[in-house]
Amino acid sequence: MSAPPPPTNLRVVSFENGTVTLNWTNVECDKILIAWGPGAFDDADVPNQIDLKGAAGELSYKLEGLTPGTSYVFKVEVGNANELDYQEPYSYSPWTSIVWFGGLYVLTYSQKGGRAFVSPILMSPTGLRNGTPSQIGGWEDDWLQVAPFVFNGEPFLLTYRHDGEAFVSPIVAGPNGPQNGAPYRIGGWENDWTQVTTFTFEGQPYVLTYKDSGDAFVAPIVAGPQGPQNGPTTRVGGWEPNIGQITAFTLKGQPYVLIYRHNGDAFASPIIATPQGPHNGDPIPLGGWEPDYTQVTTFQLGDEPYLLVYAQKSGNAFAIPILAGASGLPYAGSPTRLGGWENDWTQVRAFAFS
């Protein structure tokens, strides 16, 4: 009998307590092989393998004992039994493979109805892509900014409303993956911030707030009575008015703040130490950007930073590596399109959760 076609739509649908749930789609077959282990596509030796009885349709399997924060390759192939006099007992399809980054996700939020979803970030042979989204509930419809951060090794979400109210929620394990836990209010916020982002400098997490007037402030994230909250603010100067998006990344150990204008101009400024605290240094142009991105966020694959850019009008989303040039200065690499996005997301943020 000839080999069946390879499995399709292989993806991670949940991760909790070291257990990953894989889903994929098969045609009718006699046998299924699943292989997995730490590594990437070009790793010849994947140490773990299991044989399953063949089945057709949408299938699911749980793999236990995975280490959070580790990249894994997952591979599935299917086979049909051959005649008894054939040299090999089964004829197999090619492997279908993905690389999963040990708990890296993208959060998408729409003010329309307060809808929020979480999707794993995956690697396929054609490049980066977002996995299957899971809806997370309990969101209001008036969040202006959402900013993930890590405090004392634990992940949190900072949410900020149009009226100046700000809240922090722990990111916790839910039935389908990470979700927001119970929020608590953090006070002392003005009601005209148009950008709120977070970054880490010399091991300390900070929140950066910006107004369209060009005023920008930095505050350390400190321990409060209910959990992490913003500490005393310090003004950082030299900012233009009406900046479109602000985010942060780290390249070769150096943290940067990335600024994107509505006209498509983008700049990276190194974050430097001053007596008053971290401050933006001289900007470095990052050219060749389109003018219609409404969301710009960053994520790290190991030591490699990436941009995730999204245009609300079209629903187009792209992942762009941030590379170091010969002088060590950052520049934007070639984009990879991420498909299957709606056109009404008002916040897009990447975060890690193990």
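The values are calculated or read from the model by the stated rules, or taken from the named source; none is laboratory data. Computed from a prediction, not measured in an experiment: that's the story for all the values here. Glycine also receives a Cβ, built like all others from the backbone with ideal geometry; neighbour counts cover every protein chain displayed.
Looking at Leu52, is it hydrophobic (A, V, I, L, M, F, W, C) and farther than 29 Å from Gly315 by Cβ? Answer is yes for this residue. Candidates in the range 76-92 are the residues that are crowded, with 20+ Cβ neighbours inside 10 Å and in contact with a Pro (Cβ under 6 Å, 6 or more places away or on another chain); of these, the one that is farthest from Val27 (Cα to Cα) is Val76.
Take Leu52 and tell me if it is in contact (Cβ under 8 Å) with a residue 24 or more places away in the chain and under 15 Å from Val78 (Cα atoms). It is false that Leu52 is in contact (Cβ under 8 Å) with a residue 24 or more places away in the chain and under 15 Å from Val78 (Cα atoms).
Yes/no matrix, rows are residues, columns are (1) assigned by TED's automatic domain parsing to the domain that holds Pro278; (2) of a type in the set (Phe, Trp, Tyr); (3) in contact with a Phe, Trp or Tyr (Cβ under 9 Å, 6 or more places away or on another chain); (4) assigned to a strand (DSSP E or B):
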| site | (1), (2), (3), (4) |
| --- | --- |
| Val196 | yes, no, yes, yes |
| Tyr206 | yes, yes, yes, yes |
| Gly214 | yes, no, yes, no |
| Gly238 | yes, no, no, no |
| Tyr256 | yes, yes, yes, yes |
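Scanning the range 97-112 finds one or more residues that are in the same structural domain as Thr294 (by TED's automatic domain parsing), among the charged types (D, E, K, R) and touching an Asp or Glu at 6+ places or on another chain (Cβ under 9 Å). Only residues that are out of contact with any Ser or Thr (no Cβ under 7 Å at 6 or more places or on another chain) and of a type in the set (A, V, I, L, M, F, W, C) were counted in the range 308-345, giving 11. Restricting attention to the range 175-195, the residues that are closer than 20 Å to Ser14 by Cβ and either under 17 Å from the mean Cα position of the chain (by Cα) or without any contact (Cβ under 8 Å) to a residue 60 or more places away in the chain (or both) total 6. Within the range 93-115, count every residue that is surrounded by 16 or more Cβ atoms within 10 Å (Cβ to Cβ) and not in a strand (DSSP E or B). Result for the range 93-115: 3. Cβ-Cβ below 9 Å, separation at least six or inter-chain, first residue in the range 125-150 and under 30 Å from Asn9 (Cα atoms) and outside the structural domain of Val207 (by TED's automatic domain parsing), second hydroxyl-bearing (Ser, Thr, Tyr) and at pLDDT below 85: which pairs? Correct list of pairs: empty, since none qualify.
Filtering the range 298-354 to residues that are in a loop (DSSP other than H, G, I, E, B), more than 21 Å from Ala147 (Cα to Cα), within 18 Å of the chain's Cα centre (by Cα) and in contact (Cβ under 8 Å) with a residue 60 or more places away in the chain leaves Gly339, Gly340.
For the range 77-124, a tally of residues being in contact (Cβ under 8 Å) with a residue 12 or more places away in the chain and farther than 30 Å from Pro321 by Cα returns 14.
Close Cβ contacts (under 8 Å, 6 or more residues apart or on different chains) running from residues in the range 266-294 that are surrounded by fewer than 17 Cβ atoms within 10 Å (Cβ to Cβ) to residues that are acidic (Asp, Glu) comprise Ala273/Glu202; Pro285/Asp265; Gly287/Asp265. Residues that are basic (Lys, Arg) and more than 29 Å from Asp344 (Cβ to Cβ): does the range 295-315 have at least one? No, every residue in the range 295-315 fails to be basic (Lys, Arg) and more than 29 Å from Asp344 (Cβ to Cβ).
Within the range 21-32, none of the residues are basic (Lys, Arg) and out of contact with any strand residue (DSSP E or B) (no Cβ under 6 Å at 6 or more places or on another chain).
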